[in-house]
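Notes for the one structure printed next.
The values are calculated or read from the model by the stated rules, or taken from the named source; none is laboratory data. Small disclaimer: the values here were computed from a predicted structure and weren't measured. Counting neighbours? That spans all protein chains shown, and the Cβs are built from the backbone with ideal geometry, glycine included.
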Amino acid sequence: MVSVLIIVVLSIYVSIAVLDQISIQIGPYSPLFGGAITGLIMGDLKTGLIVGATLQLMTLGVATYGGATVPDFLTGSIMGTAYAIIAGKGAEYGIGLAVPIGLLLTQLDILARMTNTFFQHRADRFAEQGDANGVERQNVWGTIPWILSRVIPVVVGLVFGQSVVNAINSFIPQWFMLGLKTAGMILPAMGIAILMRYLPLKNYWPFFIVGFVFMAYFSKTFSILGVALIGLAMAGIYMMFGTKQAAAPAAAGTTTDTSDQDDDDEVEIDD
């Protein structure tokens, strides 16, 4: 059973993450942070990083444009990591549970948005009265539904964590759990494919091949950080030589234009 202290700490973290999501967005709201922090608190950082990073790949390019609702993978990463650690069945188990949890909690996000309109209408009335403090208070209170829509599922899920896990294990057939684990293993590839869709690979495909070779054939000697540093160095070299090559034609063009201008001036003087 999850201790009360862990539940309180994760509830505070979720509240901070929600505020970050609807304000400055510096990172705590992302699934990667959710999984990592949950794993760190519950004593299994590796599982938390795997679950959070996998869900992070799924969120690439996903945003709430026009107020659209997207899967709540923040809560999914927390619950998936917690259940994976409680059950002791590995990160694939947690990923398989995190995805449907994130999709299910989409409904609570819609409810939170609907509830928030109550405070916004009150803010409109205060604005008509010229009460700036009243408008500010309504905007602050409007964050409460957002926070509760994430905190309540986390608290309920962690309080009944072991019983929920046992119920899931006894209710879901083995073949279905195998399918979830398989899907969890495929999700990173799908996330990378989505990322590649938005990268300019047509212009920079050699860099992609170099990174792939390092990780595919030298993964025992190279870490992701090492490959990232090599990529940074190659990008710096490209920028250095690319800038010089771009500057040379520009300088030549400038010289040519000047001589042409001089010729024109001479013609005008002769006339």
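Looking at (1) within 25 Å of residue 145 (Cβ to Cβ); (2) surrounded by 21 or more Cβ atoms within 10 Å (Cβ to Cβ), which one does residue 27 not meet, given that it meets all the others?
(2)
Among the residues of the stretch 45-59, are any surrounded by 19 or more Cβ atoms within 10 Å (Cβ to Cβ), assigned by TED's automatic domain parsing to the domain that holds residue 81 and closer than 21 Å to residue 3 by Cα?
The answer is yes, given that some residue of the stretch 45-59 is surrounded by 19 or more Cβ atoms within 10 Å (Cβ to Cβ), assigned by TED's automatic domain parsing to the domain that holds residue 81 and closer than 21 Å to residue 3 by Cα.
Given the criterion modelled with pLDDT under 75, part of a helix (DSSP H, G or I) and surrounded by 14 or more Cβ atoms within 10 Å (Cβ to Cβ), identify the matching residue among 135, 164.
Being modelled with pLDDT under 75, part of a helix (DSSP H, G or I) and surrounded by 14 or more Cβ atoms within 10 Å (Cβ to Cβ) holds for just one of 135, 164, which is 164.
Could you list, ordered by first residue, the pairs with Cβ atoms under 8 Å in which the first is in the stretch 74-96 and modelled with pLDDT of 85 or more and the second is aliphatic (A, V, I, L, M) and outside any helix (DSSP H, G or I), at least 6 apart or interchain?
75/105; 76/105; 82/2
So that you can scan it fast, the table gives a plain yes or no per residue for (1) in contact with a Ser or Thr (Cβ under 6 Å, 6 or more places away or on another chain); (2) β-branched (Val, Ile, Thr):
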residue: 8; (1), (2): no, yes
residue: 14; (1), (2): no, yes
residue: 19; (1), (2): no, no
residue: 25; (1), (2): no, no
residue: 30; (1), (2): no, no
residue: 50; (1), (2): no, yes
residue: 57; (1), (2): no, no
residue: 83; (1), (2): no, no
residue: 95; (1), (2): yes, yes
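Got a number for residues in the stretch 30-44 being surrounded by fewer than 16 Cβ atoms within 10 Å (Cβ to Cβ) and either modelled with pLDDT of 90 or more or more than 19 Å from residue 94 (Cα to Cα) (or both)?
Total meeting the criteria: 1.
Six or more apart or on different chains, Cβ under 7 Å: which pairs go from a residue in the stretch 217-243 that's more than 19 Å from residue 205 (Cα to Cα) to one that's at pLDDT 80 or above and in a helix (DSSP H, G or I)? Could you list them?
222/214
Given the conditions (1) modelled with pLDDT under 70; (2) surrounded by 11 or more Cβ atoms within 10 Å (Cβ to Cβ), which single one is not true for residue 229?
If we test residue 229 against (1) modelled with pLDDT under 70; (2) surrounded by 11 or more Cβ atoms within 10 Å (Cβ to Cβ), just (1) comes out false.
Have a look at 155, 151 and point out the one that is over 21 Å from the mean Cα position of the chain (by Cα) and part of a helix (DSSP H, G or I).
The match here is 155.
Does residue 105 meet the test of being at pLDDT below 85 and under 29 Å from residue 197 (Cβ atoms)? Steps first, please.
Working: at pLDDT below 85: yes; under 29 Å from residue 197 (Cβ atoms): yes.
When the stated conditions are applied, residue 105 passes them.
Say whether the condition of being closer than 28 Å to residue 100 by Cα and modelled with pLDDT under 80 is met by at least one residue in the stretch 198-209.
Yes, the stretch 198-209 contains at least one residue that is closer than 28 Å to residue 100 by Cα and modelled with pLDDT under 80.
Test residue 17 against the stated conditions and say whether it is within 16 Å of residue 152 (Cβ to Cβ) and at pLDDT 85 or above. Spell out the reasoning first.
On the way: within 16 Å of residue 152 (Cβ to Cβ): yes; at pLDDT 85 or above: yes.
It is true that residue 17 is within 16 Å of residue 152 (Cβ to Cβ) and at pLDDT 85 or above.
Tell me the residue from 159, 155, 151, 99 that is under 18 Å from residue 7 (Cβ atoms) and crowded, with 18+ Cβ neighbours inside 10 Å, please.
151
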